[in-house]
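Take a look at the structure below.
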Amino acid sequence: HFHAMKLQMVLTRQGIPYVITSGVRFFEQAHIKDICAFLRILENPGDEMAFVRLLGLLPGAGDKTAAKIWSKLDGKFATQISSQRDILANTLPRVARVLWKNIEPALIAYRKENLNFNGGEAIDRFLHTFYEQYAVNTYENHERRIEDIKEMALYTSKFENVENFLNDIALLTNLDAEAENINSANQDAVRLSTVHQAKGLEWRVVIIL
């Protein structure tokens, strides 16, 4: 999947239609959306969707719990403000509170250590303190998903800051959504496929990454 990440981004920017024959687009995968939610709430304290998704990674913290906490925070979660972090931690169910303590160091370091200019390091912190174990507990193919995230961290580090990365992803996601309706099986488009999905003499031209 991560080998196709850069290719998908370039094809989208250039307006070249493409179809994925095995799986979903890179940034539409659940584990990648989770990482993006972590970055989004760090950059935009008012991003409720990112907040709800991040809390949803914790046991016992469903949509109702997230909505309750969001209301207590007055619709804004400024991760660098200790009082807001305390409100969140104290409102979480007990089973979720322990795991939340593993996430907090990555939230605090983001502004304190200027990780907004080093998105790859921010992702690595979140991965090692919380998400890696979450992936192991949640997905059978956790090794592949963790590899995706590590590659994404390397890619994010090439941007000047996290804000620019998120803006780029938002633009690409919107363009992907617009193109989704015209990506039919008979459309003239680039087909992205694994070798295992290829059946033989399907295409005149094949490019192997």
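The values are calculated or read from the model by the stated rules, or taken from the named source; none is laboratory data. Computed from a predicted structure; not experimentally measured. Neighbour counts are summed over all protein chains in view; Cβ atoms, including those assigned to glycine, are modelled from backbone coordinates with ideal geometry. These accessible areas exclude ligands, DNA and RNA; they are computed on the full protein's heavy atoms, side chains included. Shrake-Rupley method; radii C 1.70, N 1.55, O 1.52, S 1.80 Å.
Annotations for the structure displayed:
- Ranked packing of 29-36, 74-81, most packed first, by mean Cβ within 10 Å: 29-36, 74-81
- Entry for region 1-96 at q = 0.25 Å⁻¹: log10 I(q)/I(0) = -1.27, Debye formula applied to identical alpha-carbon scatterers, no solvent contribution.
- For region 78-141: span of alpha carbons on each principal axis (Å, largest first): 35, 30, 12
- Highest-first packing order for the peptide set 62-68, 100-106 is 100-106, 62-68, based on the mean count of other beta carbon atoms within 10 Å.
- Euclidean distance of C-alpha centroids, region 91-113 and region 126-149, integer Å: 17 Å
- Averaged over its residues, region 70-209 has an accessible area of 63 Å² per residue, based on protein heavy atoms and a 1.4 Å probe.
- Straight-line reach from Lys150: taking Cα to Cα under 27 Å and skipping same-chain neighbours fewer than 8 places apart, the lysines in range are Lys6, Lys33, Lys101, Lys112, Lys158.
- Neighbour net charge for Lys76 - beta-carbon separation under 10 angstrom, K R +1, D E -1: -3
- Read-out mean projected area of the Cα convex hull in nm², derived from the coordinates shown; its label in [x] 10.8; [y] 16.5; [z] 12.6: [z]
- Check: the chain dipole with +1 on Lys, Arg Cβ and -1 on Asp, Glu Cβ, in debye: 420 debye
- 5 Å-binned pair-distance histogram of region 110-180 (Cα, whole percent): 3, 16, 20, 19, 18, 16, 7, 1, 0
- Net charge contributed by nearby residues that have their C-beta within less than 12 Å of Trp100 (K/R +1, D/E -1): +2
- Along the axis of the charge dipole computed for the chain (Cβ charges of +1 for Lys and Arg, -1 for Asp and Glu, origin at the Cα centre), the listed residues Trp70, Ala109, Val205 are led at the positive end by Trp70.
- From helices alone, the chain scores -18000 deg cm²/dmol at 222 nm; the rule is -39500 (n - 2.57) for each run of n ≥ 4 DSSP H residues, then divide by the residue total.
- When region 1-132 is described by a simple charge dipole with +1 on each Lys and Arg Cβ and -1 on each Asp and Glu Cβ, the residue from Ile32, Ile16, Asn44 located farthest towards its positive end is Asn44.
- Using the average count of surrounding beta-carbon atoms within 10 Å as a protection proxy, the listed peptides 87-99, 142-154, 191-203 rank, highest first, as 142-154, 87-99, 191-203.
- Length-normalised contact order of region 1-137 in % [C-alpha pairs under 8 Å, at least 6 apart]: 16 percent
- A simple charge model with +1 on the Cβ of Lys and Arg, -1 on the Cβ of Asp and Glu and nothing else charged puts the dipole of region 13-133 at about 260 debye relative to its Cα centre.
- Region 43-91: mean projected area of Cα convex hull, nm²: 3.0 nm²
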